[in-house]
Amino acid sequence: MKAFGFAAQSAESQLAPFSFERRAPRPEDVSIDILFCGICHSDIHSARNEWGGTRYPYVPGHEIIGRVSAVGDKVTKYKAGDLVGVGCLVDSCRHCASCYDGLEQYCENGFTATYNSEDRIGGTPHKFTLGGYADKVVVDERFVLRIPDNLDPAAAAPLLCAGVTTYSPLKHWKVGAGQKVGIIGLGGLGHMGVKFAHAMGAHVVMITTSPAKGQDAKKLGADDVLISKDADAMAKAAGTFDFLLNTIPVGHDTDPYMNLLKRDGTMVIVGAVETLTHASGVPFIFKRRSMAGSLIGGLPETQEMLAFCGEHNIVCDIETIAMNDVNTAYDRTVAGDVKYRFVIDMATLSEAAGAAIAASR
Ligand code: NAP
Ligand code: ZN
Ligand code: ZN
């Protein structure tokens, strides 16, 4: 199937127009016309090969919202015209303990990511999966999600990654009423963490490096704001948090944050894959604290999160952009200059295509 999108050709290159072939739809496949795709910081880490292992040409995008254009003979859950979503996963082994538990993100044989993964079945013209900064995508129905009708489709796009990545640990560690919860970093993930923790009934504190974001954090549902660069304020808040969700996108010293936890408190890392430093075992040993990690969410939990959003009318705060502005949006995301997620309007892709064709003449 012919497709058109934007790709990076190397770690140094900007994203630019790219024509490619998607696989021919299989009987289990849903063909989707993409309407919107969010820009996750992970798209940028991968485009710039900051985590290593990016295969080029690379088409980013795993916060996909679209309409079903066609379904294969064996598809039972979807029909043409349905509003659907696709997140970070498009396949997994389906028979390991994690897959049985609906935790495909922890597939013991390795999940197939929406981009930069090998198609485990084969038959894809392009050896590696290509993401959602494109006009179309073809996905097995098991990895397609239904979007509640009452949610704005553009603002729902980032739920597919930023949403479930924050919802999942809040649920797993049973965050709720009577708890003081800190969300560290007010970006795409952090702003959803605040909304979810608030909706779950917790007392929510936004922990940010940016004092200017304080007012916004309160509008999003934070009860208080703690500036992490203010050593006095951090010292005063020591030992008071039940749970911390840490979305900082780079390696950092975890001690100042761990010290905020009460006895038996947990800090969950979702952002940094780089080295985390801590001076000693003291913040862990004294007060029996834990540090843990969490990866996106499985398909059942993603559908549960979407239902929760439908019920509580929760969507993301977004800035919609044209495809041609994607490179500027990358720089602005890295600079923390977005409130709080960029979403690409795929209706602007044909304009970008026209400009590309004109430039090549
Ligand atoms: P983002 O929109 O860029 O937000 C990150 C926020 O972290 C920034 O807005 C900033 O908030 C804070 N921050 C940035 N640099 C910092 C530093 N050096 N020290 C302290 N705080 C800093 O990114 P995102 O899309 O939310 O993603 C966050 C991270 O999660 C990325 O690394 C991404 O790859 C990762 N991720 C993980 C998963 C998973 O499954 N675990 C899923 C999706 C994304 P303040 O201005 O408020 O300080
Ligand atoms: Zn993501
Ligand atoms: Zn598996």
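Structure notes:
- Tally of residues being of a type outside the set (Ser, Thr, Tyr), at negative phi and touching a Lys or Arg at 6+ places or on another chain (Cβ under 9 Å) across the stretch 105-134: 11
- Taken residue by residue, the stretch 138-161 has at least one member that is within 16 Å of ligand 3 (Cβ to nearest atom), part of a strand (DSSP E or B), touching a strand residue (DSSP E or B) at 6+ places or on another chain (Cβ under 7 Å) and touching a residue at least 12 places away in the same chain (Cβ under 8 Å).
- Picking from residues in the stretch 71-114 that are exposed (fewer than 12 other Cβ atoms within 10 Å of the Cβ) and not aliphatic (A, V, I, L, M), the one that is farthest from Asp152 (Cα to Cα) is His95.
- When Val338 is tested against the conditions (1) outside any helix (DSSP H, G or I); (2) surrounded by fewer than 18 Cβ atoms within 10 Å (Cβ to Cβ), the lone failure is (2).
- Qualifying residue in the stretch 223-231 (condition: of a type outside the set (S, T, N, Q), within 22 Å of Ser280 (Cα to Cα) and at pLDDT below 95): no
- Contact map, the stretch 37-58: residues that are open to solvent by 50 Å² or more (accessible area, probe 1.4 Å) paired with residues that are within 9 Å of ligand 1 (Cβ to nearest atom), Cβ distance under 8 Å, separation 6+ or inter-chain. Pairs shown: Glu50/Ile44; Trp51/His45; Trp51/Val273.
- Taken across the stretch 256-267, residues that are open to solvent by 30 Å² or more (accessible area, probe 1.4 Å) and either not in a strand (DSSP E or B) or not charged (D, E, K, R) (or both) do occur, with at least one present.
- Just one of the listed residues (Gly85, Gly122, Gly102) is assigned to a loop (DSSP other than H, G, I, E, B) and touching a residue at least 12 places away in the same chain (Cβ under 8 Å), and it is Gly102.
- Verdict on Ala177 being over 21 Å from Pro256 (Cβ atoms), without any contact (Cβ under 8 Å) to a residue 40 or more places away in the chain, out of contact with any strand residue (DSSP E or B) (no Cβ under 8 Å at 6 or more places or on another chain) and of a type in the set (A, V, I, L, M): yes
- Those residues of the stretch 105-119 which are within 15 Å of ligand 2 (Cβ to nearest atom) and in a strand (DSSP E or B), in sequence order: Ala113
- So Lys79, is it out of contact with any Cys (no Cβ under 6 Å at 6 or more places or on another chain), more than 25 Å from Leu295 (Cα to Cα) and free of Cβ contacts under 8 Å to residues at least 40 places away in the same chain: yes
So that you can scan it fast, the table gives a plain yes or no per residue for (1) in contact with a helix residue (DSSP H, G or I) (Cβ under 8 Å, 6 or more places away or on another chain); (2) in a loop (DSSP other than H, G, I, E, B); (3) under 20 Å from Gly87 (Cα atoms); (4) basic (Lys, Arg):
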| site | (1), (2), (3), (4) |
| --- | --- |
| Ala279 | yes, yes, no, no |
| Phe284 | yes, no, no, no |
| Arg288 | no, yes, no, yes |
| Leu295 | yes, yes, yes, no |
| Thr302 | yes, no, yes, no |
| Met305 | yes, no, yes, no |
| Phe308 | yes, no, yes, no |
| Cys316 | yes, yes, yes, no |
| Ile321 | yes, no, yes, no |
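- The residues of the stretch 210-240 that are in contact (Cβ under 8 Å) with a residue 60 or more places away in the chain and either more than 21 Å from Ser290 (Cα to Cα) or crowded, with 24+ Cβ neighbours inside 10 Å (or both), listed by number, are Ser210, Asp216, Leu220.
- Checking Met305, Met323, Met346 one by one, the residue that is buried (at least 16 other Cβ atoms within 10 Å of the Cβ), within 22 Å of Lys171 (Cβ to Cβ) and at pLDDT 95 or above is Met305 and no other.
- Scan of the stretch 177-196 for residues that are in contact with a helix residue (DSSP H, G or I) (Cβ under 9 Å, 6 or more places away or on another chain), in a loop (DSSP other than H, G, I, E, B) and open to solvent by 10 Å² or more (accessible area, probe 1.4 Å), ordered by number: Gln179, Gly185, Gly187
The values are calculated or read from the model by the stated rules, or taken from the named source; none is laboratory data. Model, not experiment: these values are computed from the prediction. No Cβ is skipped: glycine too gets one built from the backbone with ideal geometry, and neighbour counts run over all protein chains shown. The accessibility values were calculated without ligands, DNA or RNA, using every heavy atom of the protein model including side chains. Shrake-Rupley method; radii C 1.70, N 1.55, O 1.52, S 1.80 Å.
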